[in-house]
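No lab work stands behind these numbers, since they all come straight from the coordinates. Predicted model only: the values in this text are computed from it and were never measured. Heads up, the Cβs are rebuilt from the backbone with ideal geometry, glycines too, and the neighbour counts pull from every protein chain shown.
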């Protein structure tokens, strides 16, 4: 009788072990072959009384962290189609076009230019640089050749047909933010947007009272599981990792990016395109 009981216990533990191994194997397969494929769209309505009336329903597309390594062409095609289908007013890319150590040849450079050039917008396309872009000497050439305007430590003012405006400011990666003081002093726009790559840079500009912050670099943790998420923090994004934060009257959105960083794996954190709809 005792042998039968021991045999049942042994069978139970073998079955439990098999089930756990199977679950782990399915999670690994999902994260490697499904979790990092297929771009989702996160639509956000931004409600703020500072938005000029003529900018009501103004639509912004925000993407980041393509981390191109020569083998994610399908994701780029999908991204561009989703942006163009949305018929947006402006497009913002907040950095990290290629992986840090990836060397672009002419063929791949021309490919990226042709693809990024095909992105459409009503008012303009803008970019800032991320840490990984510092290792890519052709980054700015690729972006400007694709019709994107550099916002690295600079600004642009977007005017509507009735001459109302919104201010758009950008930060280069890990640069001084003192220039913003002069921009804000001369600014007459009621609604102010700033974009930069490393999300932790927010602490350097939080007292300037921007209405909307569009940032990235964290990949929202890439593997969205406590502890593991913390281990996979990227340089420059150890504090602001999640999708959204609120600081006083400032809305902060952290894009989760398109590519992957150290491991080819995403879990509970699909590649995404953010769409922001300004609402008066």
Could you check the simple spin-label distance between residue 74 and residue 117, using points 7 Å along Cα→Cβ, in nm with one decimal? 2.7
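Using 0.36 nm per residue, how much length does the chain from residue 163 to residue 54 gain when fully extended, once their Cα-Cα distance is taken away?
That works out to 38.4 nm of additional length.
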Evaluate the relative contact order of the chain (contact order divided by residue number), counting alpha-carbon pairs under 8 angstrom at least 6 apart; express in whole percent. 27
Estimated distance in nm for a label pair at residue 246 and residue 27, the labels positioned 7 Å out from Cα along Cα-to-Cβ: 3.3
By how many nm would the segment from residue 109 to residue 187 lengthen if fully extended, with 0.36 nm per residue of separation less the alpha-carbon distance? 24.4 nm
Between residue 145 and residue 85, how high is the FRET efficiency from 1/(1 + (r/R0)^6) when r is the Cβ-Cβ distance and R₀ = 25 Å? Nearest 0.05. 0.55
State the antiparallel share, in %, of DSSP beta bridges confined to the chain, rounding to the nearest 5. 30
Is it possible to state the helix-based mean residue ellipticity at 222 nm for the chain, with each DSSP H run of 4+ residues giving -39500 (n - 2.57), the sum divided by total residues, to the nearest 500 deg cm²/dmol? What is it? -9000 deg cm²/dmol
For the Cα atoms of the chain, what angle does the longest principal axis make with the long axis of helix 73-86, in degrees from 0 to 90, nearest 10? 50
Mean shadow of the chain, computed from the convex hull of its alpha carbons, in nm²? 18.0
If you fit an axis through the alpha-carbon atoms of helix 106-117 and take the longest principal axis of the Cα set of the chain, what angle between them do you get, 0 to 90°, nearest 10? 70
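So if we plug the beta-carbon distance of residue 264 and residue 176 into 1/(1 + (r/R0)^6) with R0 = 45 Å, what FRET efficiency do we get, rounded to 0.05?
That pair, residue 264 with residue 176, gives E of 0.80.
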For a test of the definition: using alpha carbon positions, the gyration tensor, and the 1.5 limit on a/c, classify the stretch 102-235 as rounded, prolate or oblate. oblate
